[in-house]
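Working notes for the structure below.
Coordinate-derived values only; no laboratory data. Please read all numbers here as calculations on a predicted model, not as lab measurements. Glycine gets a Cβ as well: all are built from the backbone with ideal geometry, and neighbour counts include every protein chain shown.
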Amino acid sequence: HNPNLSNYFQCVYFAVTTLTTVGFGDATPVTDAGKAVVTGAILTSIGLVPYQISRIAETLIEGRFRSGACTRCGQRPHP
């Protein structure tokens, strides 16, 4: 039993920060509200960052930056 993890929410926060390799570092939130915000930000980033990276890679692979193509239809810029 770890005395620093006194309730279920602290255990969940510790698990999320550990499993996402964010770690339990020097600057940590003190209140449960702060821990909830950090947990939400971490979980949101897990989905958002890979999505953004895939969109950038897709754009670069398809050559839209070089061709000046429309992002919706892939054709040259519309009049």
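A few remarks follow.
- Extension gain from Leu19 to Ile56, taking 0.36 nm per residue of separation minus the Cα-Cα distance: 10.7 nm
- Here Ser6 and Leu48 are evaluated by their C-beta separation; at R0 = 22 Å the FRET efficiency comes out at 0.10.
- From most to least packed by mean Cβ count within 10 Å, the peptides 15-22, 50-57 give 15-22, 50-57.
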